[in-house]
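Here the structure comes first, spelled out in structure tokens, and everything after it is commentary.
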Amino acid sequence: MSTQPRSEPPQNRFVEMRHIAKTFNPGTASEVALFRDFSLSVKKGGFVSVVGSNGSGKTTVLNILCGNIAPDAGTVTVGGKEIGRLKEYRHSRFIGRVFQDPAAGTCPRLTILENLSLADNKGKRFGLTRGVSRKRTDFYRSQLELLRLGLEDKLDAPVAGLSGGQRQALALLICTMAPLELLVLDEHTAALDPKSSENVMELTDRFIREKHLTALMVTHNLKYAVEYGDRLIMMHRGHIVLDADGGAKQAMDIRSLTEKFDEISIEDGNSI
């Protein structure tokens with residue numbers, strides 16, 4: 001297990017952030033230089049779990065990848081394309097993001113059918129035609145059956161009436177319906193009850209494997225960080241302080257991660 005960030009060989013650097021610098025509120029009393037020279041690379045098809053304390057920079061990594069914020073310096077590439085300066089909406093063409101809030105990934109006032117139709121038409125040209133094609137109903141049902149929640153029989157039900165777990169599972173399905181180069185999971189089980197969380201994580205793992213996706217998952221759930229993915233990263237104060245993959249990742253357990261968190265807490269002067 002390495003305590004230093006590991007760089008993938010050049011041929012494996014499908015997602016790459018190089019020499020990233022990011023300062024928030026520059027020139028003010030609340031200025032925070034989060035990243036000074038941050039680098040991270042992820043191989044194609046990798047499933048990386050990212051953990052860390054609040055303010056460690058893990059969510060900022062996702063926001064930079066998804067175009068919510070731009071780095072002050074450095075480069076960001078996905079599949080060989082430089083994306084660091086692209087508009088946010090252009091990132092969404094090849095990066096899918098599932099948020100912590102189940103309501104953020106769906107349109108609550110629309111039906112399940114209408115939500116799936118929107119996802120089905122992502123990236124396609126829109127003309128003066130119906131937005132919902134009933135000819136695709138069988139396909140939508142087959143996709144909903146993958147969730148094993150009985151939603152395939154509720155196509156005309158408003159999404160607002162679904163439970164949080166159902167909506168998050170639907171958001172995950174919607175996010176991965178169109179071809180993706182990178183799936184970003186932003187604490188996507190944090191707002192769910194334990195049973196729903198387990199279901200969504202099982203679906204997440206299955207979709208990533210079956211669709212051969214490259215995924216980056218930020219989570220506060222150490223159990224999921226240990227159980228899922230082929231690489232685990234811990235961040236602290238804008239740095240990667242632990243990077244484990246392969247056998248080192250498989251050998252990790254919640255206790256060892258907790259001990260590392262405790263070590264960081266002591267360094268920050270906090271009581272355990």
How many residues does region 143-155 contain that are open to solvent by 20 Å² or more (accessible area, probe 1.4 Å) and under 11 Å from Leu116 (Cβ atoms)?
2
The one condition Glu202 fails out of (1) surrounded by fewer than 20 Cβ atoms within 10 Å (Cβ to Cβ); (2) over 19 Å from the mean Cα position of the chain (by Cα) is (2)
Taking region 44-94 and keeping residues closer than 27 Å to Lys260 by Cα, among the polar types (S, T, N, Q) and surrounded by 14 or more Cβ atoms within 10 Å (Cβ to Cβ) leaves Ser49, Ser53, Ser56, Thr59, Thr60, Asn63
Within region 152-167, track down each residue that is closer than 19 Å to Thr204 by Cα, of a type outside the set (Asp, Glu) and in a helix (DSSP H, G or I).
Gly164, Gly165, Gln166, Arg167
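Do we find that Asp243 is in contact with a Leu (Cβ under 6 Å, 6 or more places away or on another chain), under 27 Å from Gly55 (Cα atoms), surrounded by 20 or more Cβ atoms within 10 Å (Cβ to Cβ) and not small (Gly, Ala, Ser) in this structure?
No; evaluated as a whole, the condition is false for this residue.
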Residues of region 106-122 being open to solvent by less than 30 Å² (accessible area, probe 1.4 Å) and touching a residue at least 40 places away in the same chain (Cβ under 8 Å), which ones?
Thr106, Thr111, Ile112, Leu113, Asn115, Leu116, Ala119, Asp120
Going by the structure shown, is Thr204 touching a strand residue (DSSP E or B) at 6+ places or on another chain (Cβ under 6 Å), at pLDDT 95 or above and polar (S, T, N, Q)?
no
What pairs come out if I take residues in region 235-248 that are under 15 Å from Gly46 (Cα atoms) and touching a residue at least 12 places away in the same chain (Cβ under 8 Å) and pair them with residues that are of a type outside the set (Asp, Glu) and open to solvent by less than 10 Å² (accessible area, probe 1.4 Å) whose C-beta lies under 6 Å away, six or more apart or interchain?
Asp243/Ile233; Ala244/Leu232; Asp245/Arg231
Given (1) among the basic types (Lys, Arg); (2) closer than 19 Å to Val218 by Cβ; (3) more than 20 Å from the chain's Cα centre (by Cα), number of the condition Arg36 does not satisfy:
(2)
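Could you go through region 123-142 and let me know if any residue there is in a loop (DSSP other than H, G, I, E, B), surrounded by 14 or more Cβ atoms within 10 Å (Cβ to Cβ) and modelled with pLDDT of 90 or more.
No, there is no match, as no residue in region 123-142 is in a loop (DSSP other than H, G, I, E, B), surrounded by 14 or more Cβ atoms within 10 Å (Cβ to Cβ) and modelled with pLDDT of 90 or more.
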Suppose we filter region 16-33 for residues that are loosely packed, with under 11 Cβ neighbours inside 10 Å and either touching an Asp or Glu at 6+ places or on another chain (Cβ under 7 Å) or within 13 Å of Thr60 (Cβ to Cβ) (or both); how many remain?
1
What pairs come out if I take residues in region 31-50 that are in contact (Cβ under 8 Å) with a residue 24 or more places away in the chain and pair them with residues that are assigned to a loop (DSSP other than H, G, I, E, B) and basic (Lys, Arg) whose C-beta lies under 6 Å away, six or more apart or interchain?
Ser41/Arg13
Residues satisfying the stated conditions in region 208-234, i.e. of a type in the set (A, V, I, L, M, F, W, C), closer than 24 Å to Leu180 by Cα and either in a strand (DSSP E or B) or free of Cβ contacts under 8 Å to residues at least 60 places away in the same chain (or both)
Ala215, Leu216, Met217, Val218, Leu232, Ile233
So, in region 156-194, of the ones that are over 19 Å from Leu118 (Cα atoms) and free of Cβ contacts under 8 Å to residues at least 60 places away in the same chain, which residue ends up surrounded by the fewest Cβ atoms within 10 Å (Cβ to Cβ)?
Pro194
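The values are calculated or read from the model by the stated rules, or taken from the named source; none is laboratory data. Please read these numbers as outputs of a predicted model, since none were measured by experiment. Reconstructed Cβ throughout: ideal geometry from the backbone, glycine too, with neighbour counts over all protein chains shown. For the accessible areas, the whole protein counts, side chains as well, though only heavy atoms, and no ligand, DNA or RNA atoms are used. Shrake-Rupley method; radii C 1.70, N 1.55, O 1.52, S 1.80 Å.
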